[in-house]
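Heads up, the thing below is written out as structure tokens.
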Amino acid sequence: MEMASKNRFQALISTCFYGTMAARAAALPEAHLLLLVETFEALADPTRARILYALIQQPLCVRDLAILVGISESGVSHQLRFLRDRRLVKPRREGNIIYYVVDDHHVAALFQEADYHIDHVRQGLGDHPYP
């Protein structure tokens, strides 16, 4: 191999290796990554997405969610338990009725960001900087 080619090859390997090392150093800790994956798994189900979207709009009880989403109250309760375990929703008691609400404003922000992404995909728009 001629000297110029050899130097370019070594530079490429060096850049690649140090880029990998930097990426490893910046990677998320495993526990954090697993929580992130669990959150996206929870959002990846259409029924849970409908429930979360409804709860972003207003607090609702199990019966109202069942009517709105079109599944049984038992099915809604099962999905709410799944979402509660991942801290995406929480119950709020008013008298003898339990209403569910999103756990915090980040849940609504995830939906808003996904909606922006969908708009960009549908319209064929490029990326844009955040304000």
| note | The correct count of residues that are closer than 19 Å to THR39 by Cβ, among the charged types (D, E, K, R) and in contact with a Lys or Arg (Cβ under 7 Å, 6 or more places away or on another chain) in the range 72-110 is 3
| request: With respect to ARG48, determine if the residue is part of a helix (DSSP H, G or I) and either aromatic (Phe, Trp, Tyr) or under 14 Å from the mean Cα position of the chain (by Cα) (or both). | output: yes
| message | What's the total number of residues in the range 12-31 that are in a helix (DSSP H, G or I), small (Gly, Ala, Ser) and at pLDDT 65 or above? | response | 5
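The rows are residues; the columns are (1) modelled with pLDDT of 95 or more; (2) small (Gly, Ala, Ser).
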residue: GLU41; (1), (2): no, no
residue: ARG48; (1), (2): yes, no
residue: LEU52; (1), (2): yes, no
residue: LEU55; (1), (2): yes, no
residue: GLN58; (1), (2): yes, no
residue: LEU65; (1), (2): yes, no
residue: ILE71; (1), (2): yes, no
residue: GLY75; (1), (2): yes, yes
| task | Go through (1) free of Cβ contacts under 8 Å to residues at least 40 places away in the same chain; (2) surrounded by 12 or more Cβ atoms within 10 Å (Cβ to Cβ) one by one and return the number of the condition ILE118 breaks. | result | (2)
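Yes/no per residue for (1) surrounded by 10 or more Cβ atoms within 10 Å (Cβ to Cβ); (2) assigned to a helix (DSSP H, G or I); (3) in contact (Cβ under 8 Å) with a residue 40 or more places away in the chain:
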position: LEU33; (1), (2), (3): yes, yes, no
position: ALA42; (1), (2), (3): yes, yes, yes
position: ILE67; (1), (2), (3): yes, yes, no
position: SER77; (1), (2), (3): yes, yes, no
position: ILE98; (1), (2), (3): yes, no, no
position: ALA109; (1), (2), (3): yes, yes, no
position: ASP127; (1), (2), (3): no, no, no
| Top-ranked residue in the range 85-96 [being within 26 Å of the chain's Cα centre (by Cα) and part of a strand (DSSP E or B); ranked as nearest to ALA42 (Cα to Cα)] | VAL89
| query | Within the group PHE9, PHE82, which residue is at pLDDT 95 or above, aromatic (Phe, Trp, Tyr) and in a helix (DSSP H, G or I)? | reply | PHE82
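The values are calculated or read from the model by the stated rules, or taken from the named source; none is laboratory data. This is a predicted model, so every value here is computed, not measured. Note that we place each Cβ from the backbone using ideal geometry, even for glycine, and neighbour counts take in every protein chain shown.
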